[in-house]
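> The structure under discussion is supplied below as structure tokens; questions concerning it will follow.
What follows draws every value from the coordinates through simple rules; no lab data is involved. Here the structure is a predicted model, which is why all the values come from computation and not from measurement. When we count neighbours, we look across all protein chains shown, and the Cβ atoms used for this are built from the backbone with ideal geometry, even at glycine.
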Amino acid sequence: MDHREFAPPAGMAGRVDHLGIAVTDLEAGIRLYAGLLGLELVAVEEVPREKLKVALLKLDREGGPGCVELLQPLDPDSNVGRFLEKKGPGLHHVAFAAEDMDAALAACRTAGLRLLNEEPLPGAHGKQVVFLHPKDTAGVLIEICSRLP
Ligand code: CO
């Protein structure tokens with residue numbers, strides 16, 4: 001396989017935006033990732049549509065844009081609540097940054113990937129998000145995210 005054929009497709013920024021990690025206790029998660037592992041806590045906010053409380057920590061104190069996103073459900077009857085019930089705390093999704101959401105989604109559809117939401121939904125931190133079906137992405141729940149227009 002010639003690796004040079006893999007230029008970023010139209011619309012993708014070519015970087016991981018964040019790692020989404022499901023936790024049962026956000027404070028304990030922050031103590032682990034900020035207090036012990038040394039990441040910088042930048043925001044805590046609620047995402048009512050997803051029934052979530054979210055903490056955002058920078059992956060790189062020296063300025064890289066990637067983050068860890070800790071996800072604590074506010075209601076067991078939510079996507080992350082059901083994930084915790086089934087699998088326990090752990091890596092929930094990997095989010096890739098898009099520069100042009102429409103172009104990125106068009107490339108995913110052309111490749112035959114199913115989208116869990118056809119239209120981008122407002123997520124945390126001023127982003128819009130679309131999730132890809134994990135059955136089409138080697139078992140990993142992948143989020144495509146970009147700044148809200
Ligand atoms: Co996310």
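> Exceeding 25 Å between C-alpha atoms, which entries from my cross-link table qualify? They are Lys53/Lys127; Lys51/Lys87; Lys58/Lys86.
In this structure, Lys58/Lys86 exceed 25 Å between Cα atoms.
> I want the antiparallel fraction of DSSP beta bridges within the range 97-149, as a percent rounded to 5.
90 percent
> If I fit a long axis through the Cα atoms of helix 101-110 and take the longest principal axis of the Cα atoms of the chain, what angle between them do I get, 0 to 90°, rounded to 10?
Once rounded, the angle reads 60 degrees.
> While we're looking at this one, here's another question. Starting from the 7 Å offset along Cα-to-Cβ, what nm value, one decimal, do you get for the label separation of Leu91 and Asp2?
3.1 nm
> Would you mind estimating how fast the chain diffuses translationally, via Stokes-Einstein at 10 °C and 1.306 mPa s with the Kirkwood radius over Cα pairs, in µm²/s?
99 µm²/s
> For Ala103, put the label point 7 Å out on the Cα→Cβ axis and report which residues of the range 1-41 keep their amide N under 13 Å from it.
8-14
> Quick one: putting +1 on the C-beta of Lys and Arg, -1 on the C-beta of Asp and Glu, what dipole do you get for the chain around its Cα centre, in Debye to the nearest 20?
Around 240 debye, computed over the chain.
> Please give, to one decimal in nm, the separation of the simple spin-label points placed at Val44 and His133, each 7 Å out from Cα toward the Cβ.
Between Val44 and His133, the simple spin-label model gives 3.8 nm.
> Between Arg82 and Leu37, how many nm apart are label points set 7 Å from Cα along the C-beta direction?
2.6 nm
> Roughly speaking, what is the stretch gain from Ala10 to Leu148, that is 0.36 nm per residue apart minus the C-alpha to C-alpha distance, in nm to one decimal?
47.9 nm
> Please sort 103-110, 135-142, 116-123, 49-56 by packing, taking for each peptide the average over its residues of neighbouring beta carbons within 10 angstrom, highest first.
49-56, 103-110, 116-123, 135-142
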